[in-house]
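Below is one structure, written out as structure tokens; comments come after it.
No value in this document is a laboratory result; all are computed from the given coordinates. The model shown is predicted, which means the values in this text are computed figures rather than measured ones. Positions of Cβ are backbone-derived with ideal geometry, glycine not excepted, and every protein chain shown enters the neighbour counts.
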Amino acid sequence: MTTRTTWKRRLLAVAALGAVGLAATPVPAAATTGAVAPTGASADNLLPPSVTGTVPVNYSCYVTFPGGSTTVPFSLTFTASAPQKVAPYRPFAVTLDPQEWTPDPKFNQQVRTVKVRYKLPDNAWYVWHTLSGGKNLTTPPQAQYDWSTRVLTITETGPLPASVPFDLPTVTVYLLSGPSGTARTTTGGTSLTDPSWTWVRTDLEGVERPFDCNPAAPVVFTSTTIG
């Protein structure tokens, strides 16, 4: 069974639960693994159309160097898409994609354990996710969802050499809307000790050092009205 077919079955099962008021709590993906799509139903035609835009994120990053530490600015632009509006208890999709980046060889030999964290909406239920694309990655990227914080973390183990551009994959997150409100996806992380974007860098002396980044306030990637 393909990932796409599995997702379709899960999505249709959760949507059916929501439509009859049974999805009162988040439904783990494992709970719907065996669900069978109704005859003639398609996950594709359940999803409302999305609007795509670019979102800049300005981070402050904690770094160390021989004899000390400091914070430095760092910016990335994300491409994000989501529907403008969705009915209550209906499935919809959000896509999030950070820009390509090249580790600076003036300061790094390589970087590893690159992570980006996304905070998913409080008023929508996580159903499933897929990863696609990516460039010059040395290991298959992994995604992990934390049910308690609603944060999805994408990790590329690496190592990734300096001077070579890399691009983390696009993540598509499938969600089920709640009863009302605005479903927003934002930067994950809360501080420089709980960063939204992070990697471990190897400096020119061969010492591994942190690069832990967080914006001053959460940045909204997508906003979907439920109603």
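A few comments on the model shown:
- The simple Förster model, with R0 at 41 Å and r as the Cβ-Cβ distance, assigns SER163 and GLN84 a FRET efficiency of 0.50.
- Segments 208-217, 47-56 sorted - mean Cβ within 10 Å per residue, highest first: 208-217, 47-56
- In plain terms, the chain from THR225 to THR139 could stretch by 27.3 nm, reckoned as 0.36 nm per residue minus the Cα-Cα distance.
- Protection-proxy order for peptides 59-70, 122-133, each taking the mean of Cβ atoms within 10 Å per residue, highest first: 122-133, 59-70
- Between ASP203 and THR190, the simple spin-label model (points 7 angstrom out along Cα→Cβ) gives 3.0 nm.
- Annotation: aspartates and glutamates with alpha-carbon distance below 20 angstrom to LYS85 (same-chain offsets under eight excluded): ASP44, ASP122.
- Take every pair of alpha-carbon atoms less than 8 Å apart whose residues are at least six positions apart; their mean separation over the length of the range 62-157 yields a relative contact order of 22 percent.
- Cα centroids of the range 74-120 and the range 148-175: 7 Å apart.
- Ranked packing of 144-156, 167-179, most packed first, by mean Cβ within 10 Å: 167-179, 144-156
- In the range 79-227, Cα pairs under 8 Å separated by at least six residues give a relative contact order of 35 percent.
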